[in-house]
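Data first, discussion second: the structure below is written as structure tokens.
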Amino acid sequence: MRKLLPAVCAIIVLPLLAGCFMLPAETPLMPPPTIARPAEWPFVTVPVLRGDIKLEASPVVMYLPSRVIGHQFTENGIPLLGIFVAFGDEVSEGDIIAVLDMPEIQYELEEVSRRRARINLELTLLRERQSLAARHAAEVGVAADTAAYVSARNRLMADMDVVDMLYAYVSELNEARYLRAAISGVVTRVLPFTEGMLSDVNHVIAVVADQGFTSFVVRDSIAARLKPGEQYEMVLGGETFMMEVIDPEEHGFVREDQTEGEVTPAFLQFIYAPAEVPAATHGRLRIPLEEVIDVLHIPVSLLRRTEYRSFVYVLSESGYRMVRDVETGLESEGYIEVVRGLSEGELLIL
């Protein structure tokens with residue numbers, strides 16, 4: 001009996017001990033939760049400002065040159081040597097615009113010039129010989145024989161008359177090779193030059209407009225509001241000039257071909273003629289229509305509009321975005337007047 005007791009205990013205890021090793025492992029404890037703090041929203045703001053708002057009309061004003069002349073050759077089918085002006089160039093009266101390639105005329109002119117020089121040389125030598133003969137005759141006390149010299153001089157002078165006429169004729173032909181500016185002004189159009197180009201009496205080589213820049217015309221419907229004597233600013237080539245409306249009848253700008261119902265154009269001139277004017281053909285007139293002084297205003301892009309309300313987003317003192325209804329007034333050039341709803345210095349959110 002004593003021998004069986006340990007065996008029985010082993011049978012009972014060993015399974016219990018084996019069961020203990022087969023128990024599931026405990027799940028490790030999770031770390032305590034942390035509260036995430038939201039990042040601040042990077043608001044971009046614009047302050048409410050105070051100032052003036054001007055409502056303007058800005059019709060196009062077109063340069064009205066005193067004269068516009070198209071330049072073209074009077075001969076057909078002659079090769080061009082070159083065109084020597086470009087768009088926007090300033091030219092003076094008589095400047096060369098283009099040249100025809102006529103080598104035979106140049107050769108003839110050089111030949112006639114040599115003949116003139118030769119005759120002038122012979123006349124000079126004849127005068128010297130006549131002077132020497134007269135001194136010699138005086139020394140020996142005899143009368144000088146001038147008949148031969150007079151005859152030779154008459155022959156040379158007759159030749160010179162013929163050569164002079166020929167020289168004038170060839171010079172005129174040579175001058176026809178050159179297309180010259182008829183007026184001083186600006187080149188507003190020019191024909192592109194290509195090798196082998198021939199002259200054509202129907203093709204304008206270049207157009208030159210008078211550089212005076214004294215007159216401009218407005219053909220917009222607002223021209224009816226412009227009265228002679230009124231003064232306005234004009235932006236031309238990035239610069240601002242003061243202009244005065246003029247009476248067209250006094251300056252010869254009345255349009256005979258104006259049709260019924262067509263807007264009557266308005267004409268303007270510089271009040272003080274500038275020393276230099278940009279080479280521009282059109283600008284913008286600034287015509288004030290309405291103005292409010294010392295009012296609150298905001299960029300139009302910040303205003304939200306619906307059918308029933310207008311509102312903006314305002315940054316509160318606590319840093320939150322708030323909706324604020326506003327009443328607006330005059331709008332011009334990207335800004336709008338705020339009549340009610342905002343205070344100067346408040347920050348609006350983009």
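Below, the figures for the structure above:
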read-out: Cα centroid separation - segment 51-108 against segment 140-207, whole Å; value: 25
read-out: Residue 57 versus residue 96: modelled label distance in nm, points set 7 Å from Cα along the beta carbon direction; value: 5.1
read-out: 14 Å beta-carbon shell around residue 75, net charge (K/R +1, D/E -1); value: -4
read-out: For segment 264-327: Kirkwood Rh in Å [reciprocal of mean 1/r, alpha carbons]; value: 17.4
read-out: Loop-located GluC sites (Glu not before Pro) in segment 267-322, at most 12 other Cβ atoms within 10 Å (DSSP); value: 276, 307, 317
read-out: Equivalent ellipsoid, segment 55-213 (semi-axes from 5 times Cα gyration tensor eigenvalues, Å); value: 56, 19, 11
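Read the figures in this text as sums done on the coordinates, not as results from a lab. Remember, predicted model here, so these are calculated numbers, not experimental data. Neighbour counts run over all protein chains shown; Cβ positions are idealised from the backbone, glycine included.
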